[in-house]
Amino acid sequence: MPLLEIRRVTRRFGDFTAVDDVSFAVEPGEFFTLLGPSGCGKTTLLRMIAGFDLPDAGQILLDGRDLADTPAERRPVHTVFQNFALFPHLSVARNVAFPLRMAGLGEGEVKRRTADALDMVHLGELAEHYPHEISGGQKQRVALARGLVNRPRLLLLDEPLGALDLKLREEMQLELIKLQREVGITFVFVTHAQNEALALSHRIAVMNAGRVEQLDEPSRIYGFPVNRFVADFIGNCNLLEAEVRAVEADGLRLSVAGLGEVRAPAAEGCQTGERGLLALRPEQVQVAAEADPAWANRFPGQVRDFLYVGDVTTYQVRLDNGYTLQALLPNAAPGRARFHETGDRVMVGWSAQAGHYVREA
Amino acid sequence: MRRLPTWLLLAAASSYAFLYLPLIIVVAYSFNDSRLNAEWVGFTLDWYRVLLHDEEMLLAARNSLLIALVSSGAATLLGTLAGLGMHRWRPAWLPLLVITPVAMPEILLGVSLLVFFIQVLHLTLGFLSVVLAHITFSIGFVAIVVRARLAGMDESIFEAARDLGATPWQTFRLVTFPLILPAVVAGFLMAFTLSLDDFVITFFTAGVGVSTLPLQIYSMIKIAVTPEVNAVSTLLMLLTLVLVIAASRMDKGFMRGAG
Ligand SMILES: Nc1ncnc2c1ncn2[C@@H]1O[C@H](COP(=O)(O)OP(=O)(O)OP(=O)(O)O)[C@@H](O)[C@H]1O
Ligand SMILES: [Mg+2]
């Protein structure tokens, strides 16, 4: 049985539908992520799971039990808020002890478990400090310790890393993964940062305008986006309008306007004559002075621009038909900053196994 | 830091002089060894000794403190509830209703309360009517400070409390109340000061039954501004100053705590 089940949940604010007929299930021990652009309804959904808000339609079940009549304080669900929401008048230790006290545990037990939770997030020394005396990263850890100390069935995290700077965010990502594995508590994590979602999650639900567009493992979300929105939202992607010419045993023959025939891997349910998109990741696109015989698809073009970021360089190559493709080349050779200059005539290509055909409804 | 232009400094200095010089003179003359507020004769504490033996004055002081204590206590309770209500449910009409008495000309409030007490409630004017009147104009002040305190707070900490297992009452007791306490105390001190210093509304609602310090001072200066009046004014001023400083300290205290 799934730990959490969202069944056809809808939430409206006036005429506006913030969460639109959403269904999914979260398994025990899972790190589940809700990913989507700002305003797509992630927080609204999370607030309904926590019990701060009620759905207009649909059900939320925990361990198979409908939560509709359970107020927030009686749900075995805790939340880590984006701005941490620490109690400013309580010390770090008392913040962490709060849920234990509310649960009516004895003073000895409260002390012991508070100390354990603070050790878990390496904050033992700051126990007697107040929230305004500690840094953002430390507040984040206090909020995590406070959310986990009473061992909820489910921990909800609403963009918990959003307020941290980049370096700290990466550190905390690693710590979050480690923490979740150690405590074994199910996480429902909300973010609008796709790289964070890909890095942390067991499964991701990609949301847009109140709906779930795709629900899958990170590598499948990245490799096999089901529609234009997902392809575009997750990572960088070249999207080519294509028509299916033939469905063959070893793949598809597509016709891309202005390019001619392009070969692509087979896609489920795809039929001759239909129109769709070829989603091509920049790292799948090769650029060289001369075409490689291994490239099933090859087109001449000219380097328009490039962006050197250290480990890799991104090239913008304009094909002779007018399309501009992005290609990502690793700078593996030492001291090698780039292979091509702006204005260079080059060949662009990719194999028949690269790319992913997306059906358009 | 940039230096202020001289003309601005002069303007500021003369404004402050205008504000504080009369007060300083009253204080100075309360120590003057002369029946007249004319020239400086010498230092004395005699006028304070006279005060201590003036039965009427002592009674007025006792009344003032008692009225201030009772009315500000009640106004703090009601004003805090109003502040919480305004914040929680944001009714459009409540702020208007609560704040109007604050902005209303005192004489209007005094007259209408007088009419209300006598004609509607058939109340004998005295201690109770003054207390009720003071509560009326103090509630708004308390409500405003409490609401301002709440408005400056992060809403999610109240949700966090519920989320972590606190019932609504526990959330109030353990989170909301400790956090608004500085504002509640500041509001109480403000209400206390207002009650202590009020003349106009007290004048209308006291009748002959009860006298307060401001009323007592007024009745004395109808004859002459005696050094005794200076002395009692000085004491009243001192008390007000202490209360105002205490109230603003509370304010700063919570600013730091909330950081
Ligand atoms: N109480 C409310 N009243 C009216 N509209 C609301 C309310 N809460 C949310 N909305 C609207 O619902 C939509 C979804 O909001 P929500 O906060 O769930 O977005 P989100 O996905 O969490 O976005 P973000 O990434 O910016 O936090 C938004 O357009 C928002 O304006
Ligand atoms: Mg949000």
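At a glance:
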| item | result |
| --- | --- |
| Lone unmet requirement of (1) more than 20 Å from B:Leu164 (Cα to Cα); (2) within 16 Å of ligand 1 (Cβ to nearest atom); (3) touching a helix residue (DSSP H, G or I) at 6+ places or on another chain (Cβ under 7 Å) for A:Phe32 | (3) |
| Meets criteria (of a type outside the set (Ser, Thr, Tyr), under 25 Å from A:Val96 (Cα atoms), within 14 Å of chain B (Cβ to nearest Cβ) and within 16 Å of ligand 1 (Cβ to nearest atom)) for A:Val149 | no |
| For A:Leu61: the one exception among (1) away from ligand 1 (no atom under 16 Å from the Cβ); (2) out of contact with any Leu (no Cβ under 8 Å at 6 or more places or on another chain) | (2) |
| Check on B:Arg173, in contact with a Pro (Cβ under 8 Å, 6 or more places away or on another chain) and either part of a loop (DSSP other than H, G, I, E, B) or not hydrophobic (A, V, I, L, M, F, W, C) (or both) | no |
| Count of segment A:265-289 residues which are assigned to a loop (DSSP other than H, G, I, E, B) and not aliphatic (A, V, I, L, M) | 9 |
| Failed criterion for A:Gly51 (all others in (1) away from chain B (no Cβ under 14 Å); (2) buried (at least 21 other Cβ atoms within 10 Å of the Cβ); (3) within 16 Å of ligand 1 (Cβ to nearest atom) hold) | (1) |
| Pairs, first free of Cβ contacts under 8 Å to residues at least 40 places away in the same chain in segment A:235-247, second of a type in the set (D, E, K, R), C-beta under 6 Å, six or more apart | A:Glu243/A:Arg275; A:Arg245/A:Arg253; A:Ala246/A:Arg253 |
| Whichever residue in segment A:86-113 is away from every other protein chain (no Cβ under 13 Å) and touching a residue at least 24 places away in the same chain (Cβ under 8 Å) and, among such residues, is surrounded by the most Cβ atoms within 10 Å (Cβ to Cβ) | A:Val92 |
| Qualifying residue in segment A:241-264 (condition: closer than 12 Å to A:Ala352 by Cα, touching a strand residue (DSSP E or B) at 6+ places or on another chain (Cβ under 7 Å) and in a loop (DSSP other than H, G, I, E, B)) | no |
| Failed item in (1) assigned to a strand (DSSP E or B); (2) farther than 15 Å from A:Leu179 by Cα; (3) touching a Ser or Thr at 6+ places or on another chain (Cβ under 6 Å), with A:Glu128 passing the rest | (1) |
| Among (1) more than 14 Å from chain B (Cβ to nearest Cβ); (2) away from ligand 1 (no atom under 16 Å from the Cβ); (3) surrounded by 23 or more Cβ atoms within 10 Å (Cβ to Cβ), the one test that A:Gln138 misses | (3) |
| Residue that is at negative phi and either away from chain A (no Cβ under 14 Å) or under 23 Å from the mean Cα position of the chain (by Cα) (or both), where the choices are B:Ala160, B:Ala148 | B:Ala148 |
| Breaking point among (1) within 16 Å of ligand 2 (Cβ to nearest atom); (2) touching a strand residue (DSSP E or B) at 6+ places or on another chain (Cβ under 7 Å); (3) more than 8 Å from chain B (Cβ to nearest Cβ), for A:Ile60 | (1) |
| Answer residue from segment A:161-204, given it is outside any loop (DSSP other than H, G, I, E, B) and within 12 Å of ligand 1 (Cβ to nearest atom) and is farthest from the other protein chains (Cβ to nearest Cβ) among those | A:Thr191 |
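One line per residue, one yes/no per condition, for (1) closer than 27 Å to A:Arg345 by Cβ; (2) surrounded by fewer than 16 Cβ atoms within 10 Å (Cβ to Cβ):
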position	(1), (2)
A:Asn236	yes, yes
A:Asp250	no, yes
A:Glu261	yes, yes
A:Gln271	no, yes
A:Arg275	no, yes
A:Val287	yes, no
A:Tyr308	yes, yes
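Coordinate-derived values only; no laboratory data. Just so we're clear, the structure is a prediction, and the values are computed from it rather than from any experiment. Counting neighbours? That spans all protein chains shown, and the Cβs are built from the backbone with ideal geometry, glycine included.
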